[in-house]
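Structure first, then comments.
The values are calculated or read from the model by the stated rules, or taken from the named source; none is laboratory data. Worth saying up front: this structure is predicted, and the values here are computed from it rather than measured. When we count neighbours, we look across all protein chains shown, and the Cβ atoms used for this are built from the backbone with ideal geometry, even at glycine.
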Amino acid sequence: MNAPIRELTYAQAIQEALATAMEADERVFIMGEDIGVYGGAFQVTGDLVHRFGEDRVMDTPISELGAAGIAVGAALAGSRPILEFQFSDFATLAMEQIVNQAAKMRFMLGGKVSVPLVMRLPSGSGTGAAAQHSQSLEAWLAHVPGLKVVQPSTPHDAKGLLLAAIDDPDPVMVFEHKLLYKMKGEVPEKAYRIPIGKAVVRREGRHVTIVATSIMVHRALEAAEVLAGEGIEAEVIDLRTLRPLDTATIIESVKKTTRLACVYEGVKTLGIGAEISALIAESEAFDYLDAPILRLGGVDSPIPYNPTLEKAAVPQTPGIIEQVRNLVKGRI
Amino acid sequence: MPVEVILPKVDMDMATGKIAKWHVKEGDAVRKGALLFEIETDKAAMEIDAPGDGIIRNITAAEGAVVPVGQTVALIYQDGEAASAPVAAEPLPPVKPITPAPRPDAEQTAVLPAASASGRFPATPLARSLAKQGGITLENIAGSGPRGRIAAIDVHGVLAKPTAPQHGDEGGFEVIPLDGMRRTIAQRLTLSKQTIPHFYLTVNCDLTRLSEIREILNAQAPRDAQKLPVWKLSINDFIIKAMASALELVPDANVTWADEAIHKYHSCDVGVAVAVEGGLFTPVVRAAETKSLSQISEEMKDLATRARARKLLPSEYQGGTTTISNLGMYGIEQFTAIINPPHATILAVGAGMERFVPVNGLPVLRTQMTCTLACDHRAVDGALGAQLLAAFRNFIEEPALMLA
């Protein structure tokens, strides 16, 4: 008899991963602003403080650099800290600890130590939170060797990638999308891991490869569904991990479809799309390209507060449909 | 940066295109997709749309100009973008009113650059690798993408066409691949017969006087150092001279059809079909109405010799308004010929035949030559063609009139 499908929201899936890890390993603890009694700005930690106590679900002062320093130190000392930034934008305050300390320790000490630190970062636009609370800085952080960067797009992946991140001996940044927290999806009860560094083909197609991240995976899938009605079969790859990048999956797909579109919320200029484009241009897939590479990313602007402009600042489904259609029809 | 408007490759064989008409002028605001200009190729007319929004500047190719594929013909500037100095353009001279007679092969007549202005063909990496695998060059592929870019589908289109047959024996028949001359003859004469409304006029010309005069002139020919006569006039030399004289007398028939106009020529240039190994050429005797029979005779010997050796220059077989095709030496009594574009007429000349003709109620043996004039009805109507042919017959039947 099959067990009934159990659905959780993206936020619940993350909470379940946190609880699972804390139950399994007493070295695991979580820290962040208002994650205790308040349950987190997005209610991700919820009532975990009541289950695990204030020693393992720690509220921190409003000092990201201080919290990150504590987390790096705890990781070096043998703990498995999970640090929640209230908004991913605030990671900028902790750059010294993230970029100069966490990412460098293992290399500078000849592999004698590692920093098994997980950072959770609610990111992205669409909530009317304006320019300082809506950014997508994942490409910026993914530029730093020594960090691993993942972007789960489903409740299933949110749990699996977070558990893999907690297991990982190195610092992992988990960029969660704020608009996805309420999304429901099937999440198995058991503890499972989604390997870091592995992309997944969400939909198969033969005319164009759309490489998307985070919430853009869903917009790309919606676009692919509409385009399928026109006879355009788009293959949608959910990148899942930005660093290390799953180059093989992208290259193989482009060799099959001969066209590439990158859809991501981060600013287009110098973003993940540029990296993927260059990857293809440098790879054996180059000779299979039958159209220019298309990048659909955020506009070169801080995210506007005005809701109409906020939507216009990042790729939306109708634009993806139109541009991918043009790409396949040889109009660009 | 302004958006370049280039002359796209719209046809597989296309190396150049003629700007038939501009629909915008310098300084016009255009939207992407708006009609910019029309181009004309050997085979088709195409409308070309704006590749972007903005203001049209630097139009470098005028209407009528022939431009290599890929060349920039205008720029579209965005609002506020400063127009730069006109880009260096290499417009080709406007089309001549005459197009070449059947061409021997592409190589010999490639007077226009075969490549785009930059000598490069925009193509996707996949199109390039497919073309390479298929053993074909990009210059023979029409790009369907923006700015004429060649994509895989364009290469597949070319590769899917049957490949040129190889020389060989298929059991029962031999396969002879086409050369450039055969291909050109096939294309041009098919075009002619399918698009030119031909009609035919036939007369019998009495050769009595022509034969007498020819005999006298050849017998009286001066001798050169080797004691050989300096001329030996053929009947064909008389025919060339007679046709040129007839055109001079009926100048309205000395024309070519040019779609938008009729070109009426001052000089009577007569093409003469010369059979060569594997095909034919039609070298042109220029201003034959002004030349003596011996001059025409000498010129024809030279042209025919070099035609057989495929040594004619394009300028020597281009132009003219009529052709003479003489199959009399094969004993052909009468035939009709296909007009050699852009000529307006062609005269099919049969053999001199002895026939009994009624003279004062009695049958008299006379030598007659049957000639059939094919006319392009767009340029030459029935009465006009009849006048031309009647004048021709008069000159043949009384060659002394050509001295007048």
Exercise. Of everything in region B:139-165 that's more than 11 Å from every other protein chain (Cβ to nearest Cβ) and buried (at least 21 other Cβ atoms within 10 Å of the Cβ), which residue is farthest from B:Met46 (Cα to Cα)?
Worked result: B:Ile141
For this session: Answer with yes or no whether B:Glu212 is loosely packed, with under 14 Cβ neighbours inside 10 Å, more than 14 Å from chain A (Cβ to nearest Cβ), assigned to a helix (DSSP H, G or I) and out of contact with any helix residue (DSSP H, G or I) (no Cβ under 8 Å at 6 or more places or on another chain).
Result: yes
Exercise. If you check B:Ala74 against the conditions, is it surrounded by 15 or more Cβ atoms within 10 Å (Cβ to Cβ), within 14 Å of chain A (Cβ to nearest Cβ), at pLDDT 85 or above and farther than 30 Å from B:Leu312 by Cβ?
Worked result: no
Exercise. Within region A:198-227, how many residues are farther than 15 Å from A:Gln316 by Cβ, crowded, with 24+ Cβ neighbours inside 10 Å and of a type outside the set (Ser, Thr, Tyr)?
Worked result: 2
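Results for (1) outside the structural domain of A:Tyr305 (by TED's automatic domain parsing); (2) among the hydrophobic types (A, V, I, L, M, F, W, C); (3) in contact with a Leu (Cβ under 8 Å, 6 or more places away or on another chain); (4) surrounded by 24 or more Cβ atoms within 10 Å (Cβ to Cβ), shown as yes or no for each residue.
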{"site": "A:Gly146", "(1), (2), (3), (4)": "yes, no, no, no"}
{"site": "A:Pro155", "(1), (2), (3), (4)": "yes, no, yes, yes"}
{"site": "A:Ala165", "(1), (2), (3), (4)": "yes, yes, no, yes"}
{"site": "A:Pro171", "(1), (2), (3), (4)": "yes, no, yes, yes"}
{"site": "A:Phe175", "(1), (2), (3), (4)": "yes, yes, yes, yes"}
{"site": "A:Tyr181", "(1), (2), (3), (4)": "yes, no, no, no"}
{"site": "A:Ala191", "(1), (2), (3), (4)": "yes, yes, yes, no"}
Exercise. Only one of these conditions is not met by B:Ala131: (1) at pLDDT below 80; (2) aliphatic (A, V, I, L, M); (3) not assigned by TED's automatic domain parsing to the domain that holds B:Pro51. Which number is it?
Worked result: (1)
Exercise. Counting only residues that are of a type in the set (A, V, I, L, M) and in a loop (DSSP other than H, G, I, E, B), which one in region A:285-301 is farthest from the other protein chains (Cβ to nearest Cβ)?
Worked result: A:Val299
For this session: Out of A:Glu322, A:Glu310, report the one residue that is farther than 20 Å from B:Ala127 by Cβ, within 14 Å of another protein chain (Cβ to nearest Cβ) and in a helix (DSSP H, G or I).
Result: A:Glu322
Exercise. Inside region B:273-290, can you point out the residues that are more than 15 Å from B:Asp302 (Cβ to Cβ) and small (Gly, Ala, Ser)?
Worked result: B:Ala273, B:Ala275, B:Gly278, B:Gly279, B:Ala287
Problem set entry | Any chance A:Thr269 is more than 14 Å from chain B (Cβ to nearest Cβ) and touching an Asp or Glu at 6+ places or on another chain (Cβ under 6 Å) | yes
Exercise. So which residues in region B:275-286 are among the hydrophobic types (A, V, I, L, M, F, W, C) and at pLDDT below 95?
Worked result: B:Ala275, B:Val276, B:Leu280, B:Phe281
For this session: Considering every residue within region B:364-375, establish whether at least one is loosely packed, with under 15 Cβ neighbours inside 10 Å, more than 17 Å from B:Ile235 (Cβ to Cβ) and in the same structural domain as B:Val276 (by TED's automatic domain parsing).
Result: yes
For this session: Answer with yes or no whether A:Pro304 is at pLDDT 95 or above, part of a loop (DSSP other than H, G, I, E, B) and within 13 Å of chain B (Cβ to nearest Cβ).
Result: no
For this session: Output the strands (runs of 3 or more DSSP E) that fall wholly within region B:303-404 and possess 3 or more residues being in contact with a Phe, Trp or Tyr (Cβ under 9 Å, 6 or more places away or on another chain), at pLDDT below 95 and not aliphatic (A, V, I, L, M), or say none.
Result: none
Exercise. Given the structure, is A:Ile251 assigned to a loop (DSSP other than H, G, I, E, B) and either within 14 Å of chain B (Cβ to nearest Cβ) or under 23 Å from A:Ile14 (Cβ atoms) (or both)?
Worked result: no
Seminar exercise, completed: How many residues of region A:257-281 are over 22 Å from A:Val328 (Cα atoms) and either out of contact with any helix residue (DSSP H, G or I) (no Cβ under 7 Å at 6 or more places or on another chain) or not assigned by TED's automatic domain parsing to the domain that holds A:Thr213 (or both)? The answer is 3
Problem set entry | Unique match (being modelled with pLDDT under 95, in the same structural domain as B:Gly319 (by TED's automatic domain parsing), under 22 Å from the mean Cα position of the chain (by Cα) and surrounded by fewer than 13 Cβ atoms within 10 Å (Cβ to Cβ)) among B:Asp224, B:Asp259 | B:Asp259
For this session: Pull up region A:82-96, narrow it to residues that are among the polar types (S, T, N, Q) and farther than 23 Å from A:Glu54 by Cβ, then point me to the one that is surrounded by the most Cβ atoms within 10 Å (Cβ to Cβ).
Result: A:Ser88
Exercise. With respect to the numbered conditions (1) farther than 17 Å from B:Ile346 by Cβ; (2) touching a Pro at 6+ places or on another chain (Cβ under 6 Å); (3) touching a residue at least 40 places away in the same chain (Cβ under 8 Å), which one is the sole condition not fulfilled by B:Ser192?
Worked result: (1)
Exercise. Quick check: anything in region B:330-337 touching a Leu at 6+ places or on another chain (Cβ under 9 Å), over 22 Å from B:Val285 (Cα atoms) and either of a type in the set (Asp, Glu) or free of Cβ contacts under 8 Å to residues at least 24 places away in the same chain (or both)?
Worked result: no
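One line per residue, one yes/no per condition, for (1) within 13 Å of A:Arg120 (Cβ to Cβ); (2) surrounded by fewer than 21 Cβ atoms within 10 Å (Cβ to Cβ); (3) at pLDDT 95 or above:
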residue	(1), (2), (3)
A:Leu8	no, no, yes
A:Gln15	yes, no, yes
A:Ala24	no, yes, yes
A:Gly40	yes, no, yes
A:Asp47	no, yes, yes
A:Ala74	no, yes, yes
Exercise. How do the strands (runs of 3 or more DSSP E) wholly within region B:226-289 filter down when requiring 3 or more residues that are in contact (Cβ under 8 Å) with a residue 40 or more places away in the chain: which remain?
Worked result: B:255-257, B:270-272, B:279-281
For this session: Answer with yes or no whether B:Ile176 is free of Cβ contacts under 8 Å to residues at least 12 places away in the same chain, surrounded by fewer than 17 Cβ atoms within 10 Å (Cβ to Cβ) and in contact with a Lys or Arg (Cβ under 9 Å, 6 or more places away or on another chain).
Result: yes
